[in-house]
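Please read the structure below before turning to the comments.
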Amino acid sequence: MALTGLENSDLELIIFGGKGGVGKTSCAIATSLALAGNYKTLLISTDPAHSLSDGLEQQIGFNVVKVDGTDNLSAIEVVADEALSEFITGYQAELKKLFETSTNLDNQDIEEMLSLSIPGIDEVMSFKTIIDFIEEGEYDKYVVDTAPTGHALRLISSPKLLDEWIKVAARMRWKYRYMITSFSGSYQPDEVDVLLLSLKKTVKRIENILRDGTRCEFIPVCIPEAMAIMETGRLLSILANSEIIARQIIVNNVMVSDGCDFCRRSKAGQLPYLTEIGETFGSLNKVEVPRFPEEIKGLNALNELKRCLFNELS
Ligand SMILES: Nc1ncnc2c1ncn2[C@@H]1O[C@H](COP(=O)(O)OP(=O)(O)OP(=O)(O)O)[C@@H](O)[C@H]1O
Ligand SMILES: [Mg+2]
């Protein structure tokens with residue numbers, strides 16, 4: 001089988017995720033190369049480990065660059081810390097005022113609260129960067145490579161965490177608003193209200209696109225090994241709970257050669273796991289990718305992986 005449906009014109013955001021080392025980055029790059037054949041495509045990594053540069057053998061950073069040797073493909077590595085520090089620097093005054101006006105905290109408490117991170121905010125900020133790109137609409141397809149499962153899950157659950165924080169902040173504000181209205185008879189929304197509203201909108205924008213199966217699809221990458229299968233199961237159930245669509249799964253590193261004793265034994269060892277994958281994830285379109293003799297680095301190898309993923313092998 002091959003990856004299907006990615007060319008649908010409504011589908012904009014394709015997110016790759018899975019256990020560490022299973023081939024997420026390689027598959028994300030190869031998919032973006034395939035899509036760039038017909039669509040203006042932006043490849044985005046949210047992995048702090050800067051993995052795109054290694055696979056593409058080209059320096060990719062916090063600014064969009066064209067991928068060498070391609071026409072329609074650009075890439076960027078979105079760093080959560082950087083996205084977050086931009087937010088904190090930009091809204092330091094508003095956050096301080098939120099705490100000052102809404103509670104009985106003293107100055108030391110406020111400084112401490114400010115230094116605590118808002119749950120999920122760094123991941124939300126990297127997601128916001130992605131959503132901003134999508135809303136600017138410069139590209140047709142956005143392919144996202146994530147760091148291993150835990151990180152992808154934090155990314156997915158970050159809007160919910162932030163939403164809960166906003167609710168608490170809004171309740172604090174409501175008390176302040178009530179007090180001001182009682183004293184002066186009216187209340188003018190200030191910069192803190194504007195910030196809370198804009199954060200609320202960011203959360204909604206992220207949730208809307210993630211939950212829209214026509215615009216967004218998550219592709220889990222797995223290998224025929226026990227731990228990877230367990231982790232993929234957990235990932236899929238969290239995706240389902242979060243109403244994020246996964247229609248297909250990549251099973252990477254499948255042994256095909258019978259050429260030597262080692263290959264035969266590796267292949268036989270994978271068989272029960274391949275059966276388990278077929279049974280456990282039977283509702284998903286399954287795309288098997290053979291184990292390559294060498295690691296997948298540079299455009300030639302990545303194009304070969306692309307041909308495996310899209311069944312273009314002759
Ligand atoms: N089918 C394959 N055959 C041979 N090597 C592969 C295959 N798929 C991936 N690799 C190699 O395995 C290593 C891990 O792949 P990759 O970086 O794509 O995984 P990842 O899931 O993104 O890892 P991480 O969790 O660290 O981000 C790389 O060296 C890559 O070249
Ligand atoms: Mg990776």
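The values are calculated or read from the model by the stated rules, or taken from the named source; none is laboratory data. All figures in this text were calculated on a predicted structure; none of them were measured in a lab. Using ideal geometry, Cβ is built from the backbone for each residue, glycine included, and neighbour counts are taken over all protein chains shown.
Starting from residues that are free of Cβ contacts under 8 Å to residues at least 40 places away in the same chain and of a type in the set (Lys, Arg), keep the ones in segment 228-279 and report whichever is surrounded by the fewest Cβ atoms within 10 Å (Cβ to Cβ). Only one residue tops the list, namely Arg265. Do we find that Leu239 is in a helix (DSSP H, G or I), modelled with pLDDT under 95 and of a type in the set (A, V, I, L, M) in this structure? Here the answer is yes, as Leu239 does meet what is asked. Taking residues in segment 162-187 that are exposed (fewer than 12 other Cβ atoms within 10 Å of the Cβ), and partners anywhere that are not in a helix (DSSP H, G or I), the pairs with Cβ atoms closer than 7 Å and at least 6 places apart or on different chains are Thr181/Tyr187.
Would you check if there is a residue in segment 256-269 being of a type in the set (Gly, Ala, Ser), within 21 Å of Leu6 (Cβ to Cβ) and more than 16 Å from ligand 2 (Cβ to nearest atom)?
no
Filtered by the rule that a residue be hydroxyl-bearing (Ser, Thr, Tyr) and within 16 Å of ligand 2 (Cβ to nearest atom), segment 25-44 gives Thr25, Ser26, Thr31, Ser32. Across segment 158-167, not a single residue is classified as within 13 Å of the chain's Cα centre (by Cα), closer than 24 Å to Cys27 by Cα and of a type in the set (S, T, N, Q).
Provide a single number: the residues in segment 1-60 that are β-branched (Val, Ile, Thr) and within 9 Å of ligand 1 (Cβ to nearest atom).
Filtering segment 1-60 for residues β-branched (Val, Ile, Thr) gives 4, 14-15, 22, 25, 29, 31, 41, 44, 46, 60.
Then drop every residue that is not within 9 Å of ligand 1 (Cβ to nearest atom), which leaves 22, 25, 29.
The number of residues fulfilling the criteria is 3.
In segment 196-235, the qualifying residues are those that are closer than 16 Å to Gly282 by Cα and outside any helix (DSSP H, G or I), and the one that is nearest to ligand 2 (Cβ to nearest atom) is Val221.
Just to check your reading of the model, which residue among Leu13, Leu73, Leu56 is touching a residue at least 12 places away in the same chain (Cβ under 8 Å) and touching a Cys at 6+ places or on another chain (Cβ under 8 Å)? Give the steps one after another, and end with the answer.
Details: Leu73 fails: touching a Cys at 6+ places or on another chain (Cβ under 8 Å); Leu56 fails: touching a Cys at 6+ places or on another chain (Cβ under 8 Å).
Only one candidate passes the filter, namely Leu13.
Would you mind stating whether Ser51 is on the phi < 0 side of the Ramachandran plot, away from ligand 2 (no atom under 13 Å from the Cβ), hydroxyl-bearing (Ser, Thr, Tyr) and in contact (Cβ under 8 Å) with a residue 12 or more places away in the chain? In short, no.
For segment 47-61, does any single residue satisfy the condition of being surrounded by 24 or more Cβ atoms within 10 Å (Cβ to Cβ), modelled with pLDDT under 95 and within 16 Å of Ile130 (Cβ to Cβ)? Taking every residue of segment 47-61 in turn, at least one turns out to be surrounded by 24 or more Cβ atoms within 10 Å (Cβ to Cβ), modelled with pLDDT under 95 and within 16 Å of Ile130 (Cβ to Cβ). Which residue is nearest to Ala147 (Cα to Cα), if the candidates are limited to segment 42-76 and must be of a type in the set (D, E, K, R) and in a loop (DSSP other than H, G, I, E, B)? It comes out as Asp47. For segment 133-153, give me each residue that is assigned to a helix (DSSP H, G or I) and either more than 16 Å from ligand 1 (Cβ to nearest atom) or in contact with a Phe, Trp or Tyr (Cβ under 7 Å, 6 or more places away or on another chain) (or both). Those that are assigned to a helix (DSSP H, G or I) and either more than 16 Å from ligand 1 (Cβ to nearest atom) or in contact with a Phe, Trp or Tyr (Cβ under 7 Å, 6 or more places away or on another chain) (or both): Phe133, Ile134, Glu135, Glu136. Filter segment 154-172 down to the residues that are of a type in the set (D, E, K, R) and in contact with a helix residue (DSSP H, G or I) (Cβ under 6 Å, 6 or more places away or on another chain), then identify the one that is farthest from ligand 1 (Cβ to nearest atom). The qualifying residue farthest from ligand 1 (Cβ to nearest atom) is Asp163.
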